[in-house]
Amino acid sequence: MSTSTTEPAPEPAKRTGGDLVVESLTALGANTVFGLPGQHALGVFDALRRSALRYVGLRVENNAGFAADAYARATHGVAPLLVSTGPGALMTLAALQEAAAGSAAVLAVGSQVPLAGMGGGRHGYLHELTDQSASFRGVVKSVHTARTASQIPSAVAAAWESALSTPHGPVWLEIPQDVLLAEVEVPPVSELHVTARELLPRPELIAAAASRLTEARRPVILAGGGVVRAGAEAELLALAERLRAPVATTFGGKGAFPWEHPLSLQSWLEDRHTTAFLEDADTLLVVGSGLGELSSNYHTFRPRGRVIQIEADLGKLESNHAALGLHADARAALAALVKEVGEREPAGAGAPAPEAAVSDLLARVRDRIAGQQLDLEQQLLASVREALPDGAVSCWDMTILSYWAWSAFDPRGTNALHSAQGAGGLGYGFPAALGVAAADPARPVLAVSGDGGAMYSLAELATARQYDAPVTWLIVDDGGYGILREYMTDTFGAATATELTRPDFVALAESFGVPAVRTTPEHLRTDLAAALAAPGPSVVVLPARLRMFAPTHLDA
């Protein structure tokens, strides 16, 4: 006589609200998330264990936000950012402001106090804020809340769609602690579909803009960050060549147009010669820029001709100058113009060819800089360019060498230079480079900081080592906040609160297990190239006191 036994079916794994978050992100196409755990957010972080998502953890929430920002810029996609309640959430605000200024699609998922503590009462929960989401409303594109488990997938999808709709930007989603921890009966999320809003140009506006450009005798194009964010570099090149229109790029638009092209005015926007050239255009096409402070030589730009502005952010459209305004995605609008513009009449007798006018302008810019005894600064920037492989990405903090790079550095690639010039906060360069490295671990990334900005990010040396990130960090050590020292000295005759005691950066990096070297201007190119070629993270410290070129807007 034989007997048979049936093994009991294994109990299904318990799932929580945190699982719904990571399942939703995965269903929407995420593969990498950034963040830093906290008590109220542990339900999400526990769920990461059961997911295929790659987690990149930084040591400070603000730096995690900067890393997510750069990842979103590098991939043209959405970068999830996971943080906790109260202090953890609020620490992301500076990074989210930069993401908003730079149109980076960061989806920040923060926890909240338990559901019973929400609504403005003072219940005394740890990290409690009267209205946490209110802190984000003036910074991000949209704010979302999920109060029950069944709301989570739809809330994640709505936040994702908002972040990815044109113009891209950061969004905030918060979920109470108990909702994240509670076991759920909601089935696993297998599919989520979102349709990111496209901003297509209105055909009558394209026709009017094309007519103006076709009729123009001296058309000029100013290309901003919106071109880079939209991936519209090919369309910009095609239109410029069809019109034979010189192209200047804003600091945020670097890489939108080939640097050495005969029609390239490059990026010398803090220069009166360039400002005058743009002002003298009879038709100026501004695409992907709001003509803000840094893109208008500190609001001294006064166009004398007609302006056409293509801008995805409605708040920036005609906010500084009257124009024929096209509220549209840069790529869609440029592609439509390429099809619509006709052959232009040649310039009148005696008028210089556009290429000759460009060459003449750049010569005048070079002559202006050459008269200011700034050989060291130009040498250092050239050394960085020679050391950095073509196509490699660089991330720049707010420091004097970066200010030079905005105007004078050729990124040699599309979407290859990222900086914090949108919101202007310190500490962006190194964590942003870690985000870019997470997007593409196969190629080296350069981060550039001053010693003041580097102090914001030192903890992330541990992150770089933990993930073996191929990031080389160039720290220009001038003993203080160099640009503020220069501004104050020029304005007041003396500087206050700009001088800093700082560590031995080489010894500090080595204490994290990160190779480091102290270099000189003469050896920068060689030392930087060697560091970039070596696997894993590295630090190059350059003691140097730099100066800015003279401004031209003060006498305008």
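The values are calculated or read from the model by the stated rules, or taken from the named source; none is laboratory data. Bear in mind that the values here come from a model prediction, so they are computed numbers and not experimental data. In this analysis, Cβ positions are derived from the backbone assuming ideal geometry, glycine residues included, and neighbour counts consider all displayed protein chains. Each accessible area value is taken on the protein alone, full model and side chains, heavy atoms only, with ligands, DNA and RNA left out. Shrake-Rupley method; radii C 1.70, N 1.55, O 1.52, S 1.80 Å.
One table, with the values for the structure above:
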{"quantity": "Looking only at the range 478-499, and only at residues there that are in contact with a helix residue (DSSP H, G or I) (Cβ under 6 Å, 6 or more places away or on another chain) and open to solvent by 40 Å² or more (accessible area, probe 1.4 Å), the one that is farthest from A534 (Cα to Cα)", "calculated": "A495"}
{"quantity": "Residue tally, condition surrounded by fewer than 24 Cβ atoms within 10 Å (Cβ to Cβ) and of a type in the set (A, V, I, L, M, F, W, C), over the range 240-250", "calculated": "1"}
{"quantity": "Sole residue being β-branched (V, I, T) and assigned to a loop (DSSP other than H, G, I, E, B), chosen from T274, T300", "calculated": "T300"}
{"quantity": "Qualifying residues in the range 138-156 (those that are in contact (Cβ under 8 Å) with a residue 12 or more places away in the chain and in a helix (DSSP H, G or I)) - the one surrounded by the most Cβ atoms within 10 Å (Cβ to Cβ)", "calculated": "V156"}
{"quantity": "Positions within the range 293-348 being β-branched (V, I, T) and over 28 Å from the mean Cα position of the chain (by Cα), in sequence order", "calculated": "V341"}
{"quantity": "Single residue of T130, T145 found to be in contact with a strand residue (DSSP E or B) (Cβ under 8 Å, 6 or more places away or on another chain) and farther than 22 Å from Y456 by Cα", "calculated": "T145"}
{"quantity": "Lone qualifier among E204, E183, E161, E198 - being modelled with pLDDT under 95 and either touching a Gly at 6+ places or on another chain (Cβ under 9 Å) or of a type outside the set (V, I, T) (or both)", "calculated": "E198"}
{"quantity": "Single residue of G38, G88 found to be farther than 26 Å from G253 by Cβ and in contact with a Ser or Thr (Cβ under 6 Å, 6 or more places away or on another chain)", "calculated": "G38"}
{"quantity": "Residues located in the range 104-126, provided they are at pLDDT below 95, in a loop (DSSP other than H, G, I, E, B) and either within 10 Å of the chain's Cα centre (by Cα) or not hydrophobic (A, V, I, L, M, F, W, C) (or both)", "calculated": "P114, G119, G120, G121, R122, H123, G124, Y125"}
{"quantity": "Some residue of the range 261-268 being crowded, with 23+ Cβ neighbours inside 10 Å, modelled with pLDDT of 95 or more and either out of contact with any helix residue (DSSP H, G or I) (no Cβ under 9 Å at 6 or more places or on another chain) or among the aliphatic types (A, V, I, L, M) (or both)", "calculated": "yes"}
{"quantity": "Residue within the range 356-369 that is farther than 25 Å from N297 by Cα and either in contact (Cβ under 8 Å) with a residue 24 or more places away in the chain or open to solvent by less than 20 Å² (accessible area, probe 1.4 Å) (or both) present", "calculated": "no"}
{"quantity": "Residue check, L426 touching a helix residue (DSSP H, G or I) at 6+ places or on another chain (Cβ under 9 Å), free of Cβ contacts under 8 Å to residues at least 40 places away in the same chain and either over 26 Å from T526 (Cβ atoms) or surrounded by fewer than 17 Cβ atoms within 10 Å (Cβ to Cβ) (or both)", "calculated": "yes"}
{"quantity": "The one condition in (1) touching an Asp or Glu at 6+ places or on another chain (Cβ under 6 Å); (2) more than 24 Å from E235 (Cα to Cα); (3) of a type outside the set (A, V, I, L, M) that W259 fails to fulfil", "calculated": "(2)"}
{"quantity": "Some residue of the range 186-193 being open to solvent by 60 Å² or more (accessible area, probe 1.4 Å), farther than 30 Å from A99 by Cα, in contact with a Gly (Cβ under 7 Å, 6 or more places away or on another chain) and not in a helix (DSSP H, G or I)", "calculated": "no"}
{"quantity": "Candidate set from the range 370-389 (those that are open to solvent by less than 10 Å² (accessible area, probe 1.4 Å) and not in a helix (DSSP H, G or I)); member that is farthest from R242 (Cα to Cα)", "calculated": "L374"}
{"quantity": "T130 among the hydroxyl-bearing types (S, T, Y), under 17 Å from P80 (Cα atoms) and open to solvent by 40 Å² or more (accessible area, probe 1.4 Å)", "calculated": "no"}
{"quantity": "Some residue of the range 529-536 being at pLDDT below 95, touching a Leu at 6+ places or on another chain (Cβ under 8 Å) and either open to solvent by less than 50 Å² (accessible area, probe 1.4 Å) or not in a loop (DSSP other than H, G, I, E, B) (or both)", "calculated": "no"}
{"quantity": "Members of the range 417-454 found to be more than 16 Å from A68 (Cα to Cα) and small (G, A, S), listed by number", "calculated": "G424, A442, S449, G450, G452, G453, A454"}
{"quantity": "Count of the range 157-184 residues which are in contact with a strand residue (DSSP E or B) (Cβ under 8 Å, 6 or more places away or on another chain) and either among the aromatic types (F, W, Y) or in a helix (DSSP H, G or I) (or both)", "calculated": "9"}
{"quantity": "Some residue of the range 281-294 being modelled with pLDDT of 95 or more and surrounded by fewer than 21 Cβ atoms within 10 Å (Cβ to Cβ)", "calculated": "yes"}
{"quantity": "Flag if S394 is buried (at least 22 other Cβ atoms within 10 Å of the Cβ) and assigned to a helix (DSSP H, G or I)", "calculated": "no"}
{"quantity": "All positions within the range 439-469 that are within 15 Å of the chain's Cα centre (by Cα) and surrounded by fewer than 24 Cβ atoms within 10 Å (Cβ to Cβ)", "calculated": "A439"}
{"quantity": "Pick from the range 91-100, criterion buried (at least 24 other Cβ atoms within 10 Å of the Cβ) and of a type in the set (G, A, S), ranking: nearest to the chain's Cα centre (by Cα)", "calculated": "A99"}
